[in-house]
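A short worksheet on the structure shown next.
The values are calculated or read from the model by the stated rules, or taken from the named source; none is laboratory data. Nothing here was measured: the structure is a model prediction, and the numbers come from that model. No Cβ is skipped: glycine too gets one built from the backbone with ideal geometry, and neighbour counts run over all protein chains shown.
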Amino acid sequence: MKLPFDISFEGKVVAVTGAAGVICSELSKAFATAKAKVAILDLDLQKATIVANEIKKEGGIAEAFQINCLKKEEIVACHKAVNETFGKVDILVNGAGGNNPKASTDDEFFDPTKEGLKTFFDLDPNGIEFVFNLNFLATLLVTQEFAKDMVGRKGCSILNISSMNAFTPLTKIPAYSGAKASVSNFTQWLAVYFSKIGIRVNAIAPGFFSTTQNKTLLWNKDGTPTARTHKILNNTPMDRFGEVNELVGATLFLSSEEAASFITGVVLPIDGGFSSYSGV
């Protein structure tokens with residue numbers, strides 16, 4: 001992998017949750033290219049192992065570990081395994097997250113005359129709880145455990161993955177928008193809480209990237225763009241979706257003590273101008 005700029009994380013141990021996914025596998029490979037030792041953490045150990053092997057094939061240092069970010073005992077066990085393999089964690093990237101169809105509406109605007117649609121009144125409480133747990137609670141629980149390694153040590157940081165939904169909630173996905181807003185709020189809270197002991201806490205807020213998670217929202221079965229895709233691009237000044245590798249620069253910058261030592265509590269949009277455009 002070619003990095004956007006010269007930077008080294010040699011001697012650092014980086015733990016990434018959700019690391020088998022499209023976004024965090026890319027971030028994991030970037031850290032490995034910058035000479036960090038990378039712990040690939042994911043619920044799907046088989047997919048995590050594939051990512052770790054790809055890194056090793058390129059000469060990087062990585063190992064796969066299974067983790068359920070919602071089960072405290074499994075988080076503790078995973079943390080212990082990472083410590084035994086690589087030592088204490090210097091950088092934590094909280095990338096586990098996602099949405100659930102049960103927590104999404106079919107309609108953008110409520111129209112009581114339309115039948116057969118899943119509306120706000122039909123949202124499943126279990127689906128909503130799942131989305132909040134997967135995005136917010138998972139971030140909190142993993143940080144509770146892994147940040148113990150950072151206490152009393154210099155150059156440690158935490159990077160959360162928020163979303164543009166945290167700034168402006170999108171139609172159809174109220175739970176996901178609310179959960180990511182919680183992640184942004186928690187990022188700022190934790191940055192203040194850890195400020196006196198030197199642990200920096202920041203987040204990136206990706207805009208619109210075409211991934212497995214949002215594939216059905218953005219593309220029809222025949223590969224043509226959906227109406228929602230047209231709306232997104234019309235409100236993105238750069239008039240395109242982001243590429244996953246375009247998240248790498250901000251991630252490495254915010255994680256670097258040399259580059260960002262006085263930056264904490266920041267939620268950085270990476271959105272092609274979406275958050276700056278009023279539509280007019």
(Q) Can you tell me how many residues within segment 1-15 are under 21 Å from ALA81 (Cα atoms) and of a type in the set (Asp, Glu)? (A) 1
Q.
Being assigned to a helix (DSSP H, G or I) and hydrophobic (A, V, I, L, M, F, W, C) is the filter here; which residues of segment 66-96 pass it?
A. ILE75, VAL76, ALA77, CYS78, ALA81, VAL82, PHE86
Q: Would you confirm whether any residue within segment 236-244 is crowded, with 18+ Cβ neighbours inside 10 Å, without any contact (Cβ under 8 Å) to a residue 60 or more places away in the chain, over 23 Å from ASN135 (Cα atoms) and of a type outside the set (Gly, Ala, Ser)?
A: yes
Q.
Restricting to segment 16-29, name every residue that is farther than 19 Å from ALA81 by Cα, hydrophobic (A, V, I, L, M, F, W, C) and touching a Gly at 6+ places or on another chain (Cβ under 9 Å).
A. ILE23, CYS24, LEU27
**Q.** Hits in segment 123-137 - residues which are outside any helix (DSSP H, G or I) and aliphatic (A, V, I, L, M)
**A.** LEU123
(Q) Considering only residues that are crowded, with 24+ Cβ neighbours inside 10 Å and either outside any strand (DSSP E or B) or without any contact (Cβ under 8 Å) to a residue 12 or more places away in the chain (or both), which ones fall in segment 30-43? (A) ALA30, PHE31, ALA32, ALA36
Q. If you take just the helices (runs of 4 or more DSSP H) that sit entirely in segment 147-251, which of them hold at least 2 residues that are among the charged types (D, E, K, R)?
A. 227-234
(Q) Out of everything in segment 65-82 that is touching a helix residue (DSSP H, G or I) at 6+ places or on another chain (Cβ under 7 Å) and not aliphatic (A, V, I, L, M), what residue ends up being surrounded by the fewest Cβ atoms within 10 Å (Cβ to Cβ)? (A) LYS72
(Q) For VAL151, only one of the following conditions fails: (1) surrounded by 17 or more Cβ atoms within 10 Å (Cβ to Cβ); (2) closer than 25 Å to ASN83 by Cβ. What is its number? (A) (1)
Q) What single numbered condition from (1) at pLDDT below 95; (2) closer than 23 Å to ASN245 by Cα fails to hold for VAL201? A) (1)
**Q.** The one condition in (1) touching a residue at least 12 places away in the same chain (Cβ under 8 Å); (2) farther than 24 Å from GLU26 by Cβ that LEU254 fails to fulfil
**A.** (2)
Q) Looking at segment 44-65, is at least one residue of a type in the set (Ser, Thr, Tyr), assigned to a loop (DSSP other than H, G, I, E, B) and more than 28 Å from ILE197 (Cβ to Cβ)? A) no
Q: Could you tell me which numbered condition THR171 fails, if it satisfies all but one of (1) surrounded by 23 or more Cβ atoms within 10 Å (Cβ to Cβ); (2) out of contact with any strand residue (DSSP E or B) (no Cβ under 7 Å at 6 or more places or on another chain)?
A: (1)
